[in-house]
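Read-outs: derived from the displayed coordinates by stated rules, not from any lab. Note that the structure is a prediction, hence the values are computed from the model and not measured. No Cβ is skipped: glycine too gets one built from the backbone with ideal geometry, and neighbour counts run over all protein chains shown.
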Amino acid sequence: MYQDAFEIVNPLGSARKKHKLLAVYMTLADLYPHHRSTVDQLQLVLLCKEKDLKTFGWEKVLAPLIQDLQEIESEGVTIFDYVVAKGSVVCVCGDNLGSHGIGGFFESFSCSHFCRYCLISRSDFLTSRLSTGESRTVENYGVDVQNAANYGDGHGIKCDSVLNKLAHYHVSTPGLPPCLGLWA
């Protein structure tokens, strides 16, 4: 899957952010690479106003998609009248801000724990930059979700990701790859 927000009007005009939309797309990973890389294979699965996302949250916005994905994981989809194909999400691509939001992490990169891959603190990062910080795992992610709920301190996590309701996917396995735009 791929998610990103975009502006549908002139971003410099008076309607800036008024008509901003969030789009979620998907493609099938088991296609041959030369087919997978064409725009024809990219399918829109969700579209909503960004202000609705801010109002209702990822849980409500993604609920119909998560329900469909859970059904595909458990029951599958019948194709050609006799073949049942099951599947799940491999990863969710997007920019860093969107990936942090959908992953349940703080969207502020100035907080004390800003990395979705490891538990490095901002002070350790600023002093060494080459830390052997502990990687995020399903287990320590769960502990941090509980700490965030109980104490407000979850090592950069504010809530559990709605995507973790899927049987074969977790945001810390790592299901949220780095933003490729960072390297462009």
query = How big is D, in µm² s⁻¹, for the range 25-138 by Stokes-Einstein at 10 °C and 1.306 mPa s if Rh is the Kirkwood radius over C-alpha pairs?
reply = 92
key: Assigned charges on the beta-carbon of Lys, Arg, Asp, Glu; the chain dipole about Cα centre (debye)   = 740
key: Contour minus Cα-Cα distance for Q146 and D4 (0.36 nm per residue)   = 48.3 nm
ask   = By count of other Cβ within 10 Å, fewest leading, how are I157, I120 ordered?
value = I120, I157
message = So if each residue of separation counts as 0.36 nm, and I subtract the Cα-Cα distance between K60 and R122, what length gain in nm does that give?
response = 19.2 nm
task = Please give every one of the aspartates and glutamates within straight-line cross-link reach of K60, meaning a C-alpha to C-alpha distance under 18 Å, and leave out same-chain neighbours fewer than 8 residues apart.
result = D4, E50, D52, D68, E71, D160
